[in-house]
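Worksheet for the structure shown next.
The values are calculated or read from the model by the stated rules, or taken from the named source; none is laboratory data. What you see is a predicted model; the values in this text were computed from it and never measured. Here the Cβ is made from the backbone with ideal geometry for all residues, glycine too, and neighbour counts use every protein chain on show.
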Amino acid sequence: MKTDIIIVGAGIIGMTMAIALSRNNKKVIVIEKNLSKSIKINRIYSLSQKTKFFLESINIWKDIEGINTLNSMSIFYRYFSKDNMVDFSKELSNSNIGFIAQSKFIMSALLEHSNSYENFQLIDNSEVKILENNNDTVKVTLNNNETIEAKYLFSCEGSKSNIKKNLSIDSYYDNYDSKALVFNINHTITNKSTAYQIFLESGPIAFLPIDNKNLSIVLSIKNRFLNDIKIDKKYLESYLAELTNNKFGKLSIVTDIVSFDLVGYDSKEYKFKKVLFVGDSAHAVHPLAGMGLNLGISDIIEITEILKNSKQKFGNKNFFSSYARSQKIVNKKARQQLKFIEKIYSAENRIIKNMIRISMENIQKSQFIKNKIIKHANNNINFF
C-alpha cells in the first residue's frame, strides 16, 4: 500500500495533523495501537488563542463540546492572598486569557471530522514492527505483516515513541526532581471560570476550571517534599481547602489521582531522513503553564505552512527540514523559559523572594505588562 504520509499515533496531535494534511490534499494513513483505550483517558487541557485559531481554521473548534472560556487568571506567590497576587482579566485586557477543554471532547470532534475525508485512513489495533527509513521513502511493516510506503512518516506517539527508540534517537533532558499529581475536584462555591496558579516552595499548583463547579488540579511536588504530602483523597481535600482559605467551599476529589515524574526534554533530532517527530514525541515542558498541547499544535502549524508555501517538490528529502530547525529552537526556548520560572519561583533565597514580590507588585499595577504577558502566552510562548 502506498500513501503520501504515515502518522503513527491517533491522539490529539496525530489526529489534528492528519486532518490538517488531508485538507491540504495529501493522502494520509494513521496507525494506532489501541484507539478505544486512548479515548477513554480524559485529560484536561489549557488551550491558547493561537491553538483556537488553528482549530477553527481546520473546522474543528466549533464541534468541541464543553469548552470553558476563562474570564481571568490569578497567580499567587507562596500564599493565597491578594497581597501576593497578579491577576489577568479578559475584560481589562480585551483579549482571551485562554480556554479549558477535555480531551474526550477534542478527540470526539476530531474522529467525527476525519470520516469526511476520502484521503484519510485510520488503521487501529496495529503497531509498526519493521521500519525502513531512507532518503527517498519510508516503509513500515505492521504486526499483521501489511506494508505501507510513504514519502514521510510523522511520529505522534508521545514521550515513549517506539519510532524514536527504533531509530536510536535520544533527547536532551531536564529532570525537575519532582512528581505531578493530577486529579479533578468538585466544589460548592463557583470558581467564576477563573484559573489559579500558586507557586509554593514545594512546587506550583494549577487550578483549571472545567466548569463553574469543577476544577482540574495539577499539583507539582519536589521530591524532597514528598514525605510532607500524602497521596490520599481526604488528605488532599483538606490540604487544598486550607491552602485556598476555603475559597471554593467544600471540596471533593471525584477522579483517581494520577502520579508521574516530571521531566522536560527536547529530541536531539526532529527529523531523521524521512521520519519527523511532532508534539510529545519531540519535546515536553514543565506543566506549570499548561503549554504542552499548545506547543504540539505549533508544530503542526509550522508543518502546514511549509506544505502550503514551500517551493521544493513534495517528496524531497529536505522538504520539512525548516520545520526541524525552527521548531527545535522554538521548543527549546519554551522549555528553558518554563524551567527558569519553575526554578526561580521555588527558590527560598531571601533576595530572590524579595525580587519576585517586587516584580509581581509592579506587574499587578501595569495593564500594559499584563497585556504583553497574555499576548506571549496566547502565541504559545513564542516571541515571533
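Structure notes:
- If you check Thr3, Thr16, Thr51 for being touching a strand residue (DSSP E or B) at 6+ places or on another chain (Cβ under 9 Å), under 28 Å from Thr255 (Cβ atoms) and not basic (Lys, Arg), only one passes: Thr51.
- Hey, Ala241 of a type in the set (Gly, Ala, Ser) and more than 23 Å from the chain's Cα centre (by Cα) or not: yes
- Taking first residues from the range 17-44 that are under 17 Å from Gln102 (Cβ atoms) and partners that are in a helix (DSSP H, G or I) and hydroxyl-bearing (Ser, Thr, Tyr), the Cβ contacts under 7 Å between residues at least 6 apart in sequence or on separate chains come to Ile41/Ser103; Asn42/Ser103; Arg43/Ser103.
- Residue among Ser322, Ser267, Ser259, Ser238 that is within 30 Å of Thr16 (Cα to Cα) and either among the aromatic types (Phe, Trp, Tyr) or without any contact (Cβ under 8 Å) to a residue 24 or more places away in the chain (or both): Ser322
- Of the criteria (1) surrounded by fewer than 17 Cβ atoms within 10 Å (Cβ to Cβ); (2) touching a Phe, Trp or Tyr at 6+ places or on another chain (Cβ under 7 Å); (3) among the aliphatic types (A, V, I, L, M), which one Ala101 fails: (1)
Each row is one residue, and each column tells you yes or no for (1) out of contact with any strand residue (DSSP E or B) (no Cβ under 9 Å at 6 or more places or on another chain); (2) under 27 Å from Ile356 (Cβ atoms); (3) among the basic types (Lys, Arg).
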position: Val30; (1), (2), (3): no, no, no
position: Ile44; (1), (2), (3): no, no, no
position: Asn59; (1), (2), (3): yes, no, no
position: Ser81; (1), (2), (3): yes, yes, no
position: Phe88; (1), (2), (3): no, yes, no
position: Ser103; (1), (2), (3): no, no, no
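- Residue, surrounded by the fewest Cβ atoms within 10 Å (Cβ to Cβ), within the range 16-30, restricted to residues that are within 23 Å of the chain's Cα centre (by Cα) and closer than 20 Å to Asp280 by Cβ: Ala20
- Evaluated against (1) closer than 29 Å to Lys343 by Cβ; (2) over 20 Å from the mean Cα position of the chain (by Cα); (3) not polar (S, T, N, Q), Lys165 falls short on exactly one condition, (1).
- Residue check for Ser326: hydroxyl-bearing (Ser, Thr, Tyr) and in contact with a Phe, Trp or Tyr (Cβ under 7 Å, 6 or more places away or on another chain): no
- Considering only residues in the range 246-262 that are assigned to a strand (DSSP E or B) and surrounded by 16 or more Cβ atoms within 10 Å (Cβ to Cβ), the one that is modelled with the lowest pLDDT turns out to be Leu262.
- Within the range 338-362, residues that are part of a helix (DSSP H, G or I) have Cβ atoms under 8 Å from residues that are among the acidic types (Asp, Glu) in these pairs: Lys339/Asp174; Ser346/Glu201, counting only partners at least 6 apart in sequence or on another chain.
- Annotation note: Cβ proximity below 6 Å between a residue of the range 136-163 that is buried (at least 20 other Cβ atoms within 10 Å of the Cβ) and modelled with pLDDT of 95 or more and a residue that is β-branched (Val, Ile, Thr) and not in a strand (DSSP E or B) (sequence gap 6+ or interchain) occurs for Ala150/Thr3; Phe154/Val278; Ser155/Ile163; Cys156/Ile13; Cys156/Val278.
- Filter result (modelled with pLDDT of 95 or more, within 26 Å of Met291 (Cβ to Cβ) and in contact with a Leu (Cβ under 7 Å, 6 or more places away or on another chain)) within the range 228-245: Leu240
- For the range 182-201, filtering for residues that are surrounded by 18 or more Cβ atoms within 10 Å (Cβ to Cβ) and either under 21 Å from Phe260 (Cβ atoms) or among the acidic types (Asp, Glu) (or both) leaves 8.
- Within the range 61-78, the set of residues being buried (at least 19 other Cβ atoms within 10 Å of the Cβ), among the β-branched types (Val, Ile, Thr) and part of a strand (DSSP E or B) comprises Ile75 only.
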